[in-house]
Amino acid sequence: MALEKVSNILQEAEKRNTSAIAFDAFDYQTIYSCIMGAEAVKKPVILMLYPTMDSLITPRIFAETVKDLAKKVSVPVGLHLDHCSNYEYILSAIREGFTSVMADGSTLPFEQNVAFTKEVVRAATVFGVDVEGELGHVGSAGNESDFCNENSYTTPEDAAAFADATGVASLAVAIGSAHGHYVKEPKLDIERLREINEATKTPLVLHGGSGIPQEQLVAAFKNGINKFNVGTEYFILNAKLQKDFFGSEEADKSPFGVVPFVRKNLQSYIEKKLELSVWS
Ligand code: 13P
């Protein structure tokens with residue numbers, strides 16, 4: 001298939017009262033394993049690039065790789081630029097082929113976040129590109145206060161006002177998750193999520209997906225999350241697989257053996273993770 005618009009994938013998720021899963025990736029193997037894992041279990045998948053990883057893979061090569069592999073499978077594949085707070089960078093990613101972008105103004109005061117996000121939506125709309133905004137800052141899982149402090153969580157009123165004012169296609173919310181390794185087990189505020197979901201029709205996004213207990217994810221997906229972002233877990237697994245392979249005798253048998261070994265195991269992880277996304 002050709003690439004699918006992320007907004008279409010999220011609308012389908014919303015109809016099914018579930019979430020699509022979006023994975024950060026940074027090279028051919030991590031992109032390939034995501035797309036082939038999704039094909040194996042017949043579920044949509046979204047591939048995301050962190051701008052900070054553009055020294056590992058350029059936005060153009062990332063976009064072209066996702067597009068090329070999407071053509072080889074039958075499931076919908078979305079392409080998204082993850083966290084970006086730089087207007088020019090977002091436009092350059094659109095030029096390089098990204099069909100969905102995140103305008104991350106979450107560290108700005110509300111009015112400035114609205115103004116920045118609105119400006120990105122205005123430009124992206126010209127190219128038919130979807131925009132994800134963020135309201136209430138999703139910080140670092142290494143700082144307990146970043147995910148346990150309810151003062152930084154999204155409120156239903158602000159979410160509704162932000163979605164209306166900006167016209168974003170999706171909205172990332174702060175309800176108790178954070179990026180990276182959690183210093184203590186997170187506890188998502190599902191009641192708040194339910195209220196945000198009632199207050200706005202915009203599909204909601206949950207960031208900081210690595211390390212959230214499964215039962216909380218099931219509850220989040222049933223209460224309004226339509227896009228779920230995972231990065232750290234996938235990167236760490238990839239590094240561990242490389243280490244395992246090169247520490248084994250298999251590494252001496254062929255200079256290419258690492259590729260099928262890593263792909264197979266990354267793909268199994270993706271297939272398992274996608275079980276959370278109830279698509280039938
Ligand atoms: P983790 O790296 O914590 O899984 O979060 C990923 C994410 O939210 C990317 O936007």
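Odds and ends about this structure:
- Accessible surface, per residue, of the chain when the full set of protein chains is kept, probe 1.4 Å, Å²: 44
- Taking chymotrypsin sites (Phe, Trp or Tyr not before Pro) across segment 195-264, the ones in a DSSP loop with at most 11 further Cβ atoms lying within 10 angstrom of their Cβ are Phe256.
- Here the sum of -39500 (n - 2.57) over DSSP H runs of 4 or more residues, divided by the residues of the chain, equals -14500 deg cm²/dmol at 222 nm, to the nearest 500.
- Summing charges over neighbours of Gly37, with a neighbour being any other residue whose Cβ is under 13 Å away from its Cβ, gives +3 when K and R count +1 and D and E count -1.
- Considering only Gln267, Ser277, Gly211, and ranking their Cα positions along the charge dipole of segment 127-280 that arises from unit charges at the beta-carbon of Lys, Arg, Asp and Glu, the one farthest toward the positive end is Gln267.
- With the simple spin-label model, which puts each label point 7 Å out from Cα in the Cβ direction, the Asp27 to Glu88 separation comes to 3.0 nm.
- Cross-link partners of Lys72 among aspartates and glutamates (Cα-Cα below 15 Å; sequence separation of 8 or more within a chain): Glu4, Glu39, Glu64
- Put a dot 7 Å past the Cα of Lys184, heading toward its Cβ, do the same for Ile236, and the two dots end up 1.9 nm apart.
- Rounded to the nearest 20, the size of the Cβ-charge dipole of segment 10-65 about its Cα centre is 260 debye, with Lys and Arg at +1 and Asp and Glu at -1.
- Electrostatic tally near Ala160: other residues with Cβ closer than 12 Å to its Cβ, Lys and Arg +1, Asp and Glu -1, net -4.
- For segment 53-135, the list of chymotrypsin sites (Phe, Trp or Tyr not before Pro) that fall in a loop by DSSP and count at most 12 other C-beta atoms within 10 angstrom reads Phe127.
- With every protein chain in place, the chain: carbon and sulfur % of accessible area (1.4 Å): 53
- Solvent-free Debye scattering, log10 I(q)/I(0), computed from the Cα coordinates of the chain at q = 0.10, 0.16 Å⁻¹: -0.48, -1.26
- Loop-located GluC sites (Glu not before Pro) in segment 216-280 (DSSP state other than H, G, I, E, B) with a sparse environment of at most 14 neighbouring Cβ atoms within 10 Å: Glu249.
- Its Cα centre serving as origin, the chain has a Cβ charge dipole (Lys and Arg +1, Asp and Glu -1) of approximately 900 debye.
- Accessible area, probe 1.4 Å, largest first, for residues Thr232, Thr107: Thr107, Thr232
- Measuring against 27 Å, Cα to Cα, the residue pairs Lys42/Lys222; Lys71/Lys222; Lys184/Lys273; Lys42/Lys227 contain Lys71/Lys222 as the ones spanning a longer distance.
- Counting only heavy atoms of the protein chains and using a 1.4 Å probe, Arg60 has close to 120 Å² of accessible surface.
- Once the Cα-Cα distance is subtracted from the 0.36 nm per residue extended length, the Arg60 to Asp244 segment shows a gain of 63.1 nm.
- Cut-off 10 Å between beta-carbons: net charge of the residues surrounding Glu132, Lys and Arg +1, Asp and Glu -1: -3
The values are calculated or read from the model by the stated rules, or taken from the named source; none is laboratory data. Given the structure is predicted, the values throughout are model-derived calculations rather than measurements. Note that each Cβ is placed from the backbone with ideal geometry, even for glycine, and that neighbours are counted across all protein chains shown. Only protein heavy atoms, including side chains, enter the accessible area calculation; ligands, DNA and RNA are left aside. Shrake-Rupley method; radii C 1.70, N 1.55, O 1.52, S 1.80 Å.
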